[in-house]
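Accompanying notes for the structure given below.
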Amino acid sequence: MSKKPHILLTLLEEDPGLARTLAAEFTRLGADCSAHFWFGTTDAQALSSLIPEVCNPGLSAWVIAGTAASLAQKDIRQGLSLAALAAQAARRKSQTGALPVVLSPSSDLSGDLPTPLACADIVSRGLGARTIARIHGRNTLPACDYRLDVHALPGLGLWLEVGPAQEQWDGVLLGAAPCEPDAHGVGQAGMIPERCTLHHPSRGLKLALGEKEFTAWGTENTLSAADSYFVRLTGLPETLVFGAFPKEDDADLYVLNLC
């Protein structure tokens, strides 16, 4: 007997009736469903409970339902984006394919989705059937030259982990806006180091990309695919910039919009 698909249902408004209705629809179609409401405050504490759920290797799909107004709210988009980045990192490590993400807004969305949610399906009708079809469809992760993970640790804050996917980086930099870094370190991939040696660390670098200014930290440590740079942020980022430490003004950096 094949294992039932497991769906995580995130409801952006506290609506127990809708939760029961959607869970019943998924159950009728042969899936297990766990549901939760969005948090009163989107911060590292809240994300520390969501990220393990979306990174669960047994999860078949993540369904996000709510009003278009909630899906346009900045802190919700930031929180969803950070959780999606963590899920993508977990799937790359396990090489199990992309986690299907389905958005079900109450009305049409305005504007583009954040970068980490750009591949999500937007479904207004037939949510159950469309979700099951997506689970059984082809879910591949696109090739990526970098690694990016999110660690939300109660009492220790929001940490990002970056590094090369394959080729060596001679130094590394990460910046954010409007929040900024306030701690950093280098160590084995997947583990925030308790102690480390930083080679020529930089703090408080100002980068201007388009109309946005980033505050970045970096170090000239050499990173392989087994090493990572860990950076703690003072809040939720709207945009991230990161990559190998630039040797010239014309830097080749990655930029991700999270809201």
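Kindly indicate which of T41, T10 is assigned to a strand (DSSP E or B), hydroxyl-bearing (S, T, Y) and either under 21 Å from A68 (Cα atoms) or touching a Ser or Thr at 6+ places or on another chain (Cβ under 7 Å) (or both).
T10
Pairs please, first residue from the stretch 226-241 and without any contact (Cβ under 8 Å) to a residue 40 or more places away in the chain, second anywhere and among the hydrophobic types (A, V, I, L, M, F, W, C), Cβ atoms under 8 Å, 6+ apart in sequence or on different chains.
Sorted first by the residue in the stretch 226-241, then by its partner, the pairs are A226/A189.
Starting from the stretch 123-134, keep only residues that are without any contact (Cβ under 8 Å) to a residue 12 or more places away in the chain and of a type in the set (A, V, I, L, M), then list their pairs with residues that are assigned to a helix (DSSP H, G or I) and surrounded by 12 or more Cβ atoms within 10 Å (Cβ to Cβ) whose Cβ atoms are within a distance under 6 Å, requiring at least 6 positions of separation or different chains.
none
If you check every pair at least six apart or on different chains, which have Cβ atoms under 9 Å apart with a residue in the stretch 9-34 that is of a type in the set (S, T, Y) first and a residue that is part of a strand (DSSP E or B) and surrounded by fewer than 17 Cβ atoms within 10 Å (Cβ to Cβ) second?
T10/H36; T10/F37; S34/H6
Is it true that some residue in the stretch 202-212 is surrounded by 15 or more Cβ atoms within 10 Å (Cβ to Cβ) and touching a Lys or Arg at 6+ places or on another chain (Cβ under 9 Å)?
No, the conditions are met nowhere in the stretch 202-212.
Please find, among C259, C196, the residue that is over 22 Å from D145 (Cβ atoms), surrounded by 13 or more Cβ atoms within 10 Å (Cβ to Cβ) and touching a residue at least 40 places away in the same chain (Cβ under 8 Å).
Numbers: C196 fails: touching a residue at least 40 places away in the same chain (Cβ under 8 Å).
Step by step, each of C259, C196 is checked, and only C259 is over 22 Å from D145 (Cβ atoms), surrounded by 13 or more Cβ atoms within 10 Å (Cβ to Cβ) and touching a residue at least 40 places away in the same chain (Cβ under 8 Å).
Enumerate the strands (runs of 3 or more DSSP E) found wholly within the stretch 77-168, keeping only those where 3 or more residues are out of contact with any helix residue (DSSP H, G or I) (no Cβ under 6 Å at 6 or more places or on another chain). Steps first, please.
Values: elements: 101-105, 146-153, 157-164.
Once the strands (runs of 3 or more DSSP E) in the stretch 77-168 are filtered for at least 3 residues that are out of contact with any helix residue (DSSP H, G or I) (no Cβ under 6 Å at 6 or more places or on another chain), what remains is 146-153, 157-164.
When you look at S106, is it of a type in the set (S, T, N, Q) and in contact with a Gly (Cβ under 8 Å, 6 or more places away or on another chain), yes or no?
Considered against the rule, which asks whether it is of a type in the set (S, T, N, Q) and in contact with a Gly (Cβ under 8 Å, 6 or more places away or on another chain), S106 comes out as yes.
Within the stretch 96-108, is even one residue at pLDDT 95 or above and surrounded by fewer than 15 Cβ atoms within 10 Å (Cβ to Cβ)?
For the stretch 96-108, residues at pLDDT 95 or above and surrounded by fewer than 15 Cβ atoms within 10 Å (Cβ to Cβ): absent.
Restricting attention to the stretch 51-64, does a residue exist that is among the aliphatic types (A, V, I, L, M), over 16 Å from V102 (Cβ atoms), touching a residue at least 40 places away in the same chain (Cβ under 8 Å) and surrounded by 16 or more Cβ atoms within 10 Å (Cβ to Cβ)?
yes
I'm checking my understanding of the structure. Among residues of the stretch 7-33 that are farther than 26 Å from E238 by Cα and loosely packed, with under 13 Cβ neighbours inside 10 Å, which one is farthest from the chain's Cα centre (by Cα)?
Taking the candidates together, the pick is R28.
I'm checking my understanding of the structure. Among residues of the stretch 169-180 that are part of a strand (DSSP E or B) and out of contact with any Leu (no Cβ under 6 Å at 6 or more places or on another chain), which one is nearest to P237 (Cα to Cα)?
My answer is A177.
Search the stretch 34-50 for residues being of a type in the set (S, T, Y) and within 16 Å of P154 (Cα to Cα), and hand back the single one that is surrounded by the most Cβ atoms within 10 Å (Cβ to Cβ).
Among those residues, the one meeting the criterion is T42.
Restricting to the stretch 65-76, give me the number of residues that are hydrophobic (A, V, I, L, M, F, W, C), surrounded by fewer than 16 Cβ atoms within 10 Å (Cβ to Cβ) and in contact (Cβ under 8 Å) with a residue 60 or more places away in the chain.
0
Filter the stretch 227-255 for residues that are among the aliphatic types (A, V, I, L, M) and either under 17 Å from H184 (Cβ atoms) or modelled with pLDDT under 95 (or both) and give the result.
Answer for the stretch 227-255, where residues must be among the aliphatic types (A, V, I, L, M) and either under 17 Å from H184 (Cβ atoms) or modelled with pLDDT under 95 (or both): V231, L233, L240, V241, A244, A251, L253.
The values are calculated or read from the model by the stated rules, or taken from the named source; none is laboratory data. Keep in mind it's a predicted model, so treat the numbers as computed, not measured. Neighbour counts run over all protein chains shown; Cβ positions are idealised from the backbone, glycine included.
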